[in-house]
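As structure tokens, the structure follows; a few thoughts come after it.
Just so you know, all these numbers are worked out from the coordinates, no wet-lab data involved. Small disclaimer: the values here were computed from a predicted structure and weren't measured. Virtual Cβ from ideal backbone geometry, glycine too; neighbours counted across all protein chains shown.
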Amino acid sequence: MSSIKITEIKDKDIAVLTPKGNFVGGDETDELRDSIKKLSDEGNTKLVIDLGEVLYLNSTALGVLISAHANYSKREGKIKLCQLNKNLENLFVITKLALIFDSYPSQEEAIQSFS
């Protein structure tokens, strides 16, 4: 069963990934990596990752996001995050990833930030 939903907003060339649950370096984290890689291979340069239903990310999962960021930056793309809960917000601040990723309170705001 897939824990990641991919929605493509065709008219804006934006993809929205909506992962669910805990990302602790197992199959779910591989799936996140594969989903991002698939979009990247298809040439996507505007990605919103909606973390509203993600409770936990471990260092492996953060590594997936960091390498995705590097891949997108290299291709002049951008990844935006949205709906981080308090714990994730703190995690991104502590790890200084808040400086790398733009994050927004809602998916709509993240999507609009591309225009």
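Things worth noting here:
- Low-density loop cleavage sites - GluC sites (Glu not before Pro) in the range 1-54, where at most 16 other Cβ are within 10 Å (DSSP): Glu42
- Förster radius 25 Å - calculated FRET efficiency between Lys96 and Asp27 (Cβ-Cβ, nearest 0.05): 0.35
- Expected 222 nm ellipticity per residue - DSSP helices of 4 or more, -39500 (n - 2.57), all of the chain, to 500: -12500 deg cm²/dmol
- Chain lengthening between Asn58 and Lys38 when straightened (0.36 nm per residue, less Cα-Cα): 5.0 nm
- Electrostatic tally near Asp102: other residues with Cβ closer than 9 Å to its Cβ, Lys and Arg +1, Asp and Glu -1, net +2.
- In Å, descending, principal axis extents of the Cα set of the chain: 33, 27, 25
- Gain in span if fully extended, Ser115 to Lys5, counting 0.36 nm per residue against the direct Cα distance: 37.3 nm
- Of Lys46, Lys38, Lys80, the one that fluctuates the most in a GNM where the chain has Cα springs shorter than 10 Å: Lys38
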